[in-house]
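Reading through the structure tokens given below for one structure.
The values are calculated or read from the model by the stated rules, or taken from the named source; none is laboratory data. Here the structure is a predicted model, which means the values were calculated and not measured. Cβ sites come from the backbone with ideal geometry, for glycine too, and all protein chains shown count toward neighbours.
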Amino acid sequence: MLMFGSLFKHKKQSGLGAGCFKGFTDWHSHILPDVDDGFSTLENSLDALRAYEQAGVVSVWLTPHIMEDYPNTVFELQEKFVSFKEAYFQDNLSRNAGFCCLNLNLSAENMIDNLFLNRLEKRELLPLGEGRLLVETSYYSAPMNFEAVLREIQAIGLIPVLAHPERYMYMDNAYYARLKRMGILFQLDLPSLYGMYGRLSYKKALYLQKKGWYDMTGTDLHSIEAWNQMTK
């Protein structure tokens, strides 16, 4: 994950360059079309995967929102994922692209809200690989009983992965340290490391990177325009 390391420290306010993504696994994206605030059309989603192929990305986790604003169910997302994966395979085949097909995987970004608590109780979840669960909170305040909820996730045998911790305004260095002591994994949003989300998120990302507290990396990609900006 930290193969990007020092490169990003000098890339604030500029793109990363597509060459940085060779061999990359994107652990967080909103490329699955028409399910949340990410990609809205199949063609735009396929454009993103074509760009990923050319950049040398090898694996992509599709992590649509599950939250009260986007109450996607596990079954609905699995159905859409199967259809999308087939569309991508046929697109790749028809292009005879000369690239290996990307390894596509389905998970979700779970907002810790009342809907999540209900799904957690029923075990209606889409893990991020084996034994992990991607979660997020409001950027401005922690959910009620946040740490207790994280322990509930751990109690059912899943390791919480906190999406883009550098973007939470209410978290400070002591808060991050406490979460790490709990065994919470951290997922970096790449755009944070070149200032896309503002100076505070940039500084926090550098701090967390220096501490070695990031466990995985994602683009959090919501549009092909964002990809173009990231790789210009």
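With respect to residue 200, is the statement that it is assigned to a strand (DSSP E or B) and aliphatic (A, V, I, L, M) true?
Against the criterion (assigned to a strand (DSSP E or B) and aliphatic (A, V, I, L, M)), residue 200 does not qualify.
With the requirement that a residue be within 11 Å of residue 32 (Cα to Cα) and crowded, with 18+ Cβ neighbours inside 10 Å, what does the stretch 65-81 give you?
65, 77, 80, 81
I'd like to know if the stretch 153-163 contains one or more residues that are touching a helix residue (DSSP H, G or I) at 6+ places or on another chain (Cβ under 8 Å), on the phi < 0 side of the Ramachandran plot and surrounded by fewer than 16 Cβ atoms within 10 Å (Cβ to Cβ).
Checked the stretch 153-163: at least one residue is touching a helix residue (DSSP H, G or I) at 6+ places or on another chain (Cβ under 8 Å), on the phi < 0 side of the Ramachandran plot and surrounded by fewer than 16 Cβ atoms within 10 Å (Cβ to Cβ).
Output the residues belonging to the stretch 119-144 that are charged (D, E, K, R), touching a residue at least 24 places away in the same chain (Cβ under 8 Å) and in a loop (DSSP other than H, G, I, E, B).
123, 124
Among the residues of the stretch 108-132, what is the count of those that are buried (at least 17 other Cβ atoms within 10 Å of the Cβ) and in contact with a helix residue (DSSP H, G or I) (Cβ under 9 Å, 6 or more places away or on another chain)?
The qualifying residues number 8.
Can you name the number of the only condition in (1) among the aromatic types (Phe, Trp, Tyr); (2) under 20 Å from the mean Cα position of the chain (by Cα); (3) closer than 30 Å to residue 121 by Cβ that residue 207 fails?
The one condition residue 207 does not meet is (3).
Does residue 187 qualify as being closer than 27 Å to residue 105 by Cα, within 15 Å of the chain's Cα centre (by Cα) and either assigned to a loop (DSSP other than H, G, I, E, B) or not basic (Lys, Arg) (or both)?
The answer is yes for residue 187.
How many residues, within the stretch 30-56, are surrounded by fewer than 18 Cβ atoms within 10 Å (Cβ to Cβ) and β-branched (Val, Ile, Thr)?
Result for the stretch 30-56: 1.
Could you tell me which numbered condition residue 100 fails, if it satisfies all but one of (1) more than 20 Å from the chain's Cα centre (by Cα); (2) outside any helix (DSSP H, G or I); (3) under 19 Å from residue 49 (Cβ atoms); (4) modelled with pLDDT of 95 or more?
Among (1) more than 20 Å from the chain's Cα centre (by Cα); (2) outside any helix (DSSP H, G or I); (3) under 19 Å from residue 49 (Cβ atoms); (4) modelled with pLDDT of 95 or more, residue 100 violates only (4).
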